[in-house]
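Student: If you scroll down you'll find the structure; I have some questions about it.
Read-outs throughout are calculated quantities, based only on the coordinates presented, and are distinct from any laboratory measurement. Not measured: the values here are computed from a predicted model. Cβ sites come from the backbone with ideal geometry, for glycine too, and all protein chains shown count toward neighbours.
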Amino acid sequence: MHATLGAQGPSSRRFSRDLANQREIALGVSLGSGNDFMTSIRRKSDRTPRSKHPAKTATTDQTQREGGPQAISRRRLFERVTAGAAALATGCAMDDNESADHVRVGSLDELAAGPVEFDLPGTGRCFAAKLEEPAAAGGQGADASVVAFSTLCPHMGCPIGLDAVDVQTGRFGPCNCHQSLFDIRRNGRMVHGRASSNLAQVELRVEGDNVYAIRVSGLAFGAALSNETALTTPLMVQESQDRNAGTHE
Amino acid sequence: MSKNDRLNMDRRRFARLALTGAATVPLARVATARAESDGDNPRLFIPPVGAEELTSACAFCIVGCGYRIYRWPVEDEPGGPKAADNALGVDFPTTAMPWISPNQHNVVEVGGRLHHVVVVPDWKATVVNPFGDHSLGGTLARRLYSAGDELKHDRLLRPQLRLGDELRPIEWDEAIEIAARVGRHVVDTDGPRALGLKTYTYQFYENTYAITKLAFEAIKTPCWAPHDQPRSGPSTPGLSVAGIDAFSAGYSDWRDADTVCLSGVAVYEARGVLFDNWVKLLPDADAGPRLVDDEDKPVKTLVVINPRRDVAAQWAEDHGGIHLQLLPGTDTVLNNAIARVILEQGWHDQAFIEEHVVDEDELEVEKETNALREAYGMDFAQWSEMVLSDDRYALDQAEQITGVAATDIERAAALLAQPRRDESGETRRPRASFMLEKGNYWSHNFPNSASLASLGLLCGAGNRPGQMISRGGGHQRGMMRAAPYPTDASPHTLEGRPAGLNLDQWVIEGNLRLAWAIGCTWAGGGTASAGPLFVRMRQLTRETGPQLDKSIAYPAGPDGGLDVEAVIDALIARADAGGMVMIQQDIYPQDLTLLADLVLPATSWGEGTFTRMQGERRLRYYSQITDAPGEARDDWAIVAAIAQRMGYAGFDWSSSAEIFEEAAAVSGGTQAYGALVEHARAQGRSAHEVLAERGTDGYQCPLRLEDGAVIETPRFHDAVLAAQTGGERGAFGTSTGKAVFARGDWDDVVERQELLQPRDGELWVINRRDSRTWSAMVEDRRIRHRMEQMPDNLLEVSPQDAAALGLADGDSIKVRCDAVTDPTLAPVRGMSGEFSAILEITDRMMPGVTCAYFNFGGSVAHAANNVVSNTTDPINGMYSFKLGRGRIEPA
């Protein structure tokens, strides 16, 4: 007599592969490399940069900016992240020629040499990277391989260093504090650890060889939760009210 | 633009420019620059000044991190980003807690009105989760029921009655009447053993008190089992024999140990804040000079015993400790082998043993008072003789049996017991603490826990700061027994000793007429050989007549009203015919819902006011945050209503607070909180109210009153306290107040190990927790952030095994065990079990050993327990959940 109540998992190998890829990122396992999550922790103390090239930090010298995107509506980068924000913009000279709507991150050539750090007012330290393969979501550039995120772990705000960026696997982390790990090929999704939200992603625009930060989606650690970043929006509130007007079933 | 122009512009444009990161502007100007842009204002969800503030503790693991909750009506203006304008007193953006992440906010109903609610880790905490560290509880707000959340569309909101394949909503009064009348009938007809309950032990004192009052005091049925055991009984009997309470340690003891031995504990994965904030930290300076390494740096080391290389194992290896990656089930040999090295080297704490462990005469006294101790208790001379004379505990044979290298066994012994130099230059024995969890005692339950307890005593652990023996804990401690379990009513024995009734066996044999499951995945993670049990349950419920249908329940048509009497008659007829009626009392549907005749909607965390205890015995108040969803009721209220309808007295509570005060009289041991109730009554207040004022600190039990003040207990077994009170407090849990060596011997294991050993192409299939999920994943499947992280069940396999099987990473596989059931249980004899998963190749598993998540989705189809034998161990009658086996095949 058999009582087989199993065998209800996914049936296609392709679906399995996609899950495997997600899991690969989650646990740091690179197909065929055996370089697993635990190895990533073991190497924490003697870590060599996983990106192929040394990390670079974007200059904030606005005079290097060439051209730029069109002026954009006020529902963009700085208003969103700075809604009611406290003072962040201190100590830097204002360039009368810069636009209020974007920040230059660097050039594609610079990114090809390795991840680049940059600062976003209201968001803090961020990084941009050029992945070896197109991002599954959120990538920019001709091949959708350029991504950018906040470096602050959304768990408790620990900064994660550029040496935690792996442009081959899309792994970012683990955070030195509590080992949260993120997938920068998939919108900064947390795939292991303790953060209650995913990494804040910086939306980019590529113009020629220049990469600009134009918008933050999601919430960087420390910023104020708003209806644009909350998972519960006024629309849901209205839907709840509508439902409550009926009977529960 | 001139500087003057800049200063004169309107504040909106000013804000944009200021925040490019390149402005030299006065802080005050920027601070006032809210993005009020013509109606496109991103409305903030910061708690306003005056928002209601509550406290609670996490719904999930044993650590029970503290949380602060803020709620305010959706119509109210939200708080502002300045500290003076919000309830948190924080300037946004903030680099410290409390940062409110998107998943820490929700919209819920309070008093019938929609409210914003945020649930943030208590950043002011100095106990348990200092500075607001947290794990899964970071998404507690999303756990709350919100009618607008599509992921919670299947929340149980009304009582339902099964009519064929359909579950039909009915009224509460009808449901209570049906449950009570059927229950009354089966007890009157076939006795108390015809009615059984399978219930949680974690979901708050008030609920479990009501459940056990009905089961043990009123009905007096022995047919009760907790969610994770087949019968009532101790989880760690080895500790019980030793006289050690499983939760005697305080969290500071893990921190202040020089070396912590983790036996079968996934400490990062399943109780992560305990690991990060206590276990892995260096001892506090107040604990005395710390041991140092060769470079004179203070050290903290871990000895991790686990077949799987988990996060703590890796941390141990990285920080001067060691991972003992043993073969499943061989813990007893390993523990005794380590002990043998310690004995042979003379590193054991002889002074401790002489003072705090029974001698020969005292042992005889203990044997007379406790049947298990009579069989397995030893004094030091007997126990050390056993360890030193048995060659299986010598290094060469131990290496062969356990798979752990002899040099590693020696290293572990040295880390635990070899005297070393400390910061003061003195040489002293390490302070070693010992933590065990299910990898230890859900393997070979008694011998593993006994051998670890004895190893700890040998090292001088048990009743001193930084030198304790305790469980890490799994879920929080919400079990409050209203009366003792009626062991006398149980027909089952173990080694001739009275024992709890094996409820799963009782069901399989067809002895139960009414099965009442409260808040657990009984035929999933809650049993072994889950598939066969589910099949048998289905035979007794859905495949045994009569079955209800609309013609019986609504003889006058759908508008004619439910014919309650006809329903009761039909269900009673099934019970009388040898079938079973099932009641499922829960918050969401699960596999049991497919079988249940009655489905009763219950409340959960945040939907009522409750209390329970966490891992270092802190008793906390869990605030009600939202209205009960739909018509859901507290479990205690449902049980009380049914009990009263069955004719039992003493269930007329009007609030959970009343139950808490009544239960104080029976709260004992580590859970004693009667002093709190006395203290509250002296003030003319309720105990709930007084406890709520303690917020996330709670009270560390047991409690006593001294000069009108409530006194807490940092450490349950405490040598100093015992000396001060003449053994009245702080002593070990024995009649002499001294500990007892417990005989954990391979002789008591070898036969069962042989029974459970993989064969015929099978591999070991152990199972684990995961930091991304909680238990049966009831919440995880309904919180998007959590769903994303673990979309499928995973089976970890070594590269060598995968290659031999011809399987690749990511393959869809099934794990199958033929004849997984107890051959003496005729109805399920010969049944096989299987579960599905995705293969993950990883070198954190050794060849021959695979590992699955233990209870994926709470579903029978994915339960790792499908390949665990439902035979039980001969000493304590528990399943060996961690010792599954099976063949791995492509799906």
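Student: Only helical DSSP H runs with n ≥ 4 go in: add -39500 (n - 2.57) per run for the protein assembly as shown, normalise by residue count and round the 222 nm mean residue ellipticity to 500 deg cm²/dmol.
Tutor: Using -39500 (n - 2.57) per qualifying helix, the result is -7000 deg cm²/dmol.
Student: Just want to confirm a number: the relative contact order over chain B, from Cα pairs under 8 angstrom separated by 6+ residues, in percent.
Tutor: Values: 2050 pairs, mean separation 150.5, N = 891.
Rounded, it is 17 percent for chain B.
Student: Right, here's the next one. Quick check: pseudo-label points 7 Å beyond the Cα along Cα→Cβ at residue B:760 and residue A:217, how many nm apart are they?
Tutor: 5.4 nm
Student: Which order do the peptides B:805-817, B:421-433 come out in when sorted by mean C-beta neighbours inside 10 angstrom, highest first?
Tutor: Per-residue Cβ counts within 10 Å, averaged per peptide and sorted highest first, yield B:805-817, B:421-433.
Student: Assuming R0 = 35 Å, can you tell me the calculated FRET efficiency for the pair residue B:423 and residue B:382, based on Cβ-Cβ distance, to the nearest 0.05?
Tutor: With a Förster radius of 35 Å, E is 0.35.
Student: So, one more: How far is it, in nm, from the label point at residue B:689 to the one at residue B:295 when both lie 7 Å from their Cα along the line to the Cβ?
Tutor: Modelled inter-label distance: 5.8 nm.
Student: How much of the DSSP bridge set in chain B is antiparallel, in percent, rounded to the nearest 5?
Tutor: 60 percent
Student: OK, next. Would you mind giving the mean number of other chain beta-carbons within 10 Å of the Cβ of each residue in B:857-867, as a whole number?
Tutor: Partner-chain Cβ atoms within 10 Å, mean over residues of B:857-867: 2.
Student: So how much slack lies between residue B:166 and residue B:150, counting 0.36 nm per residue of separation and subtracting their Cα-Cα distance, in nm?
Tutor: Numbers: separation 16, 0.36 × 16 = 5.76 nm, distance 2.19 nm.
Fully extending the segment from residue B:166 to residue B:150 adds 3.6 nm.
Student: Enter the Cα centre distance for the pair the range B:450-507 and the range A:160-221, rounded to the nearest angstrom.
Tutor: 46 Å
Student: Using 30 Å as the Cα-Cα cut-off, could you pick out the over-long pairs in B:152/B:280; B:438/B:738; B:300/B:438; B:124/B:300?
Tutor: Violating the 30 Å Cα-Cα cut-off are B:152/B:280.
Student: Now, a different point. So, counting K/R as plus one and D/E as minus one, what does the shell of residues with Cβ under 12 Å around residue B:430 add up to?
Tutor: It works out to a net charge of +3.
Student: Could you tell me the calculated FRET efficiency between residue B:368 and residue B:217, based on Cβ-Cβ distance and R0 = 35 angstrom, to the nearest 0.05?
Tutor: It comes to 0.75.
Student: Hey, another quick one. In whole percent, what relative contact order does the range B:401-540 give with Cα contacts below 8 Å and a gap of six or more residues? Present the calculation step by step, with values, prior to reporting the outcome.
Tutor: Working: 105 pairs, mean separation 19.1, N = 140.
That works out to 14 percent.
Student: Per residue of B:137-149, count partner chain C-beta atoms within 10 Å of its C-beta, then hand back the mean as an integer.
Tutor: Per-residue shielding by partner chains comes out at 4.
Student: Given the protein assembly as shown, what percent of its DSSP beta bridges are antiparallel, to the nearest 5?
Tutor: 65 percent
Student: Which peptide among B:178-190, B:619-631, B:438-450 comes first, and what is the full order, when sorted by highest mean count of other Cβ atoms within 10 Å?
Tutor: Packing proxy ranking, top to bottom: B:438-450, B:619-631, B:178-190.
Student: Which whole-number percentage describes the relative contact order of the range B:184-286, with Cα contacts under 8 Å and a sequence gap of 6 or more?
Tutor: Relative contact order of the range B:184-286: 19 percent.
Student: Next question, about the same structure. Estimate the FRET efficiency between residue B:829 and residue B:735 by the formula 1/(1 + (r/R0)^6), using the beta-carbon distance for r and 51 Å for R0, to the nearest 0.05.
Tutor: Between residue B:829 and residue B:735 the formula returns 0.70.
Student: Given the peptides B:523-535, B:51-63, B:131-143, arrange them by the average over their residues of other C-beta atoms within 10 Å, most packed first.
Tutor: The most tightly packed comes first, giving B:523-535, B:131-143, B:51-63.
Student: Here is a further query. If you take each beta carbon of peptide A:144-157 and count the beta carbons of other chains within 10 angstrom, what is the mean?
Tutor: That average works out to 2.
Student: How far apart, in nanometres, would the label points at residue B:706 and residue B:405 be if each is projected 7 angstrom from Cα along the Cα-to-Cβ direction?
Tutor: 5.1 nm
Student: While we're looking at this one, here's another question. Report the net charge of residues surrounding residue B:657, where surrounding means a beta-carbon distance below 11 angstrom and charges are Lys +1, Arg +1, Asp -1, Glu -1. Walk me through the numbers before you get to the answer.
Tutor: Values: positive: B:685; negative: B:206, B:658, B:661, B:662, B:689.
Charge balance in the 11 Å sphere: -4.
Student: At 0.36 nm per residue, and after removing the present C-alpha to C-alpha distance, how many nm does the segment from residue B:84 to residue B:819 gain when stretched out fully? Mind showing how you got there, number by number?
Tutor: Details: separation 735, 0.36 × 735 = 264.60 nm, distance 6.75 nm.
Answer, rounded to one decimal: 257.9 nm.
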